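Presented below is the structure to which this report refers.
The values are calculated or read from the model by the stated rules, or taken from the named source; none is laboratory data. Source: prediction; values computed, not measured. As a convention, Cβ positions derive from the backbone with ideal geometry for all residues, glycine included, and neighbour counts pool all protein chains shown. Ligands, DNA and RNA are excluded from the accessible area calculation, which covers all protein heavy atoms including side chains. Shrake-Rupley method; radii C 1.70, N 1.55, O 1.52, S 1.80 Å.
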Amino acid sequence: MSQRIQIFDTTLRDGEQVPGCQLNTEEKLQVAEQLELLGVDIIEAGFPISSPGDFRSVEEIAKLVKNATVCGLTRAKKEDIDAAAAALKHAKRPRIHTGIGSSDVHIQYKFNSTREKIIEQGVWAVKYAKSFVEDVEFFAEDAGRADLAFLAQLTEAVIAAGATVVNLPDTTGYLLPNQMHERISYLFENVSNIHQATISMHNHNDLGLATANTIAGIQAGARQVEVTINGIGERAGNTSLEEIAMILNVHKGLDFETGINPKFLYPTSLMVSNLMGMPVQANKAVVGANAFAHSSGIHQDGFLKHAQNYEIMNPEDVGVPSSAIVLTSRSGRAALRHRLQLLGFEFEKPELDKLYTRFLLMADERKQLNDEDLKELVG
């Protein structure tokens, strides 16, 4: 039986931290509704203490969402936790997400503190949050660079204090996948009460390894992943929800499953992109404009003979209407014949060869040809 991976979506919190991508409350409600339709397990709705607008957004999302857990972020501070508890009071399934830095860099330069005091503050924050809600997630910020023995101590202490989830973020996107696997494996071997909580991955993409590191964490024992639509987020972004969902869907041999309905991946991607005014790069995995587009003649010929020659996913499965044959000067006769047939034109090989010569000249000039160009080509 497949093991379930919990999908924790932080598009409305970490994703919204992208400069120029802030949403108003009404827009956040649209996204939250779509995320629930998509099938995410936890929606991190915002950081309530940060502004009156964010507090209101978390409060309204908590009222709206029926099935998913609604989560509010806090620092390990009383006023933060109080604000989150107040904003989440209407949620059917509330979660407070509190925490503090765990690497020596953060402990020394961000908090001017000591390891001992960090553990003390983390334990206090979990216990205080637990007085408001049963479901408390603790984040050990910059866990990717933390001393492993200390990280194990901290993890054990906050689980003993009542944390139901422990989030071990690679906040700076520093780790390599094998290092991530080794770190999570170490914690499972050295934290005595680790099976009393869910271990969560939250990886940033500074070196382009967020998705790979998240999969490595899952393979080592993590059962929650913190992701965003289109991989948006601080700096180079976060682990992409659609990539994780489809990796686990395609690689069934891993024996993991999620509650994500992949048919809503592309529509959700479009919604977030449009509302935030942040275009998705064309070559973005799963939801990019070119994810199911074929322009090389060799690829086009192979695809037309059998789609699985060049596609490991069906576009319809992720909500993309269809694959695309893009006509450029790199396209071959097979692609040209296919597109002409769709327009109702049939040519024998000698005529097609003549057309193809003219097609290449036109494609060199215009770069990409559409149906109107083809009609002009055949006269």
Within the range 265-287, count every residue that is under 19 Å from V326 (Cβ atoms) and either surrounded by fewer than 16 Cβ atoms within 10 Å (Cβ to Cβ) or of a type in the set (S, T, Y) (or both). 6
The range 1-37, residues that are modelled with pLDDT of 95 or more, crowded, with 24+ Cβ neighbours inside 10 Å and in a helix (DSSP H, G or I): K28, V31, A32, L35
Looking at the range 250-265, which of its residues are in contact (Cβ under 8 Å) with a residue 24 or more places away in the chain and either in contact with a strand residue (DSSP E or B) (Cβ under 8 Å, 6 or more places away or on another chain) or within 13 Å of I215 (Cβ to Cβ) (or both)? V250, L254, D255, F256, E257, T258, G259, I260
Go over the candidates L336, L374 one by one and state the one that is touching a Phe, Trp or Tyr at 6+ places or on another chain (Cβ under 6 Å) and either among the aliphatic types (A, V, I, L, M) or assigned to a helix (DSSP H, G or I) (or both). L336
Considering only the range 166-187, how many residues are β-branched (V, I, T) and either open to solvent by 30 Å² or more (accessible area, probe 1.4 Å) or over 19 Å from the mean Cα position of the chain (by Cα) (or both)? 2
Somewhere in the range 45-57, is a residue open to solvent by 10 Å² or more (accessible area, probe 1.4 Å), closer than 21 Å to V318 by Cβ and of a type outside the set (F, W, Y)? no
Return the residues of the range 291-312 that are assigned to a loop (DSSP other than H, G, I, E, B) and surrounded by fewer than 19 Cβ atoms within 10 Å (Cβ to Cβ); say none if nothing qualifies. S295, S296, H306, Y310, E311, I312
Do you know which residues across the range 86-103 are open to solvent by 20 Å² or more (accessible area, probe 1.4 Å) and either within 22 Å of E141 (Cβ to Cβ) or not in a helix (DSSP H, G or I) (or both)? K89, H90, K92, R93, P94
